[in-house]
């Protein structure tokens, strides 16, 4: 849909808008009332949005979080404190939104996280969720929205479809710019991700708002999803190539990250470990590779089939 300026409200269709930022913030207007979808990382994005809405004499009454990741929920606390807005979120994500340390612990097998001094890992401020959301229609301030379950990037991510045929997708789809910038993008379940792709393509939206990057038309979305699938398939094939000789997960992570030029940082290591584990899970469950326990190490090898 063309390049848009950051930190400005952009009209999409009818009452559906977006506040362009490093994390796109959805804005749905009903008279003087506003629903905000995701709140970004750091208070500054929420502060800028609130300033612009106040200049238009609009009041934030509700926040909908698509999922629990820090760059989508960290501004909740700021907006709630200044507006009294209620927070809505998918049921499977609520525990992590209210207690972000629980989410951080998923990278450490539930152990207390450990990092060398000076390591920065994006964590959100906790915020209370007032109402859980489930797939289907629901109404806020006479605005009817349709919730779509879109897991894959996270356990319980949702998308929000408006009557204006605008779909706020969270991180269900990354734009080509993001896919080209990062050698590995984050997801935890490839089968769920593929199901979410299909659901997005089948819905009757005409405008698609990703969590990051430019807004997409349907044609652009279809092309982006095809490109995303190719990237996933390419990583699967890279792992199969590495497993011409059996290897443990640490060796697989090391060799694949070197091959893809993943930045050599603690943060990227833990993200990469999760993403690569998602690929190994898919390859095992679809019969491409086998797993065995050897000398207290998980060893992966090509399937004999």
How many residues are more than 19 Å from residue 193 (Cβ to Cβ) and not in a helix (DSSP H, G or I) when one looks only at region 214-229?
3
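Residue by residue through region 16-44, note down the ones that are farther than 19 Å from residue 214 by Cα and assigned to a loop (DSSP other than H, G, I, E, B).
Of everything in region 16-44, those that are farther than 19 Å from residue 214 by Cα and assigned to a loop (DSSP other than H, G, I, E, B) turn out to be 31, 32, 42.
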Any residue at all in region 179-196 that's buried (at least 22 other Cβ atoms within 10 Å of the Cβ) and either without any contact (Cβ under 8 Å) to a residue 40 or more places away in the chain or part of a loop (DSSP other than H, G, I, E, B) (or both)?
yes
Just checking, which of 236, 285 is touching a residue at least 24 places away in the same chain (Cβ under 8 Å) and surrounded by fewer than 14 Cβ atoms within 10 Å (Cβ to Cβ)?
285
Search region 100-125 for residues being in contact with a helix residue (DSSP H, G or I) (Cβ under 6 Å, 6 or more places away or on another chain) and crowded, with 16+ Cβ neighbours inside 10 Å, and hand back the single one that is farthest from residue 79 (Cα to Cα).
107
Can you pull out the residues in region 2-41 that are out of contact with any helix residue (DSSP H, G or I) (no Cβ under 7 Å at 6 or more places or on another chain), on the phi > 0 side of the Ramachandran plot and either surrounded by 18 or more Cβ atoms within 10 Å (Cβ to Cβ) or outside the structural domain of residue 222 (by TED's automatic domain parsing) (or both)?
2
Can you pull out every residue in region 159-178 that is under 18 Å from the mean Cα position of the chain (by Cα), in a loop (DSSP other than H, G, I, E, B) and either free of Cβ contacts under 8 Å to residues at least 24 places away in the same chain or within 19 Å of residue 15 (Cβ to Cβ) (or both)?
169
Pick from 275, 252, 291: which is farther than 30 Å from residue 70 by Cβ, not assigned by TED's automatic domain parsing to the domain that holds residue 68 and not in a loop (DSSP other than H, G, I, E, B)?
291
Check on residue 213, modelled with pLDDT of 95 or more, surrounded by 14 or more Cβ atoms within 10 Å (Cβ to Cβ) and at positive phi
yes
Condition met for residue 252 (in contact with a strand residue (DSSP E or B) (Cβ under 9 Å, 6 or more places away or on another chain) and within 30 Å of residue 118 (Cα to Cα)):
yes
The number of residues in region 230-247 that are part of a loop (DSSP other than H, G, I, E, B) and either touching a helix residue (DSSP H, G or I) at 6+ places or on another chain (Cβ under 8 Å) or under 20 Å from residue 273 (Cβ atoms) (or both) is 2
Could you check how many residues of region 76-99 are buried (at least 17 other Cβ atoms within 10 Å of the Cβ) and either closer than 18 Å to residue 210 by Cβ or in contact (Cβ under 8 Å) with a residue 60 or more places away in the chain (or both)?
3
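The values are calculated or read from the model by the stated rules, or taken from the named source; none is laboratory data. What you see is a predicted model; the values in this text were computed from it and never measured. Glycine gets a Cβ as well: all are built from the backbone with ideal geometry, and neighbour counts include every protein chain shown.
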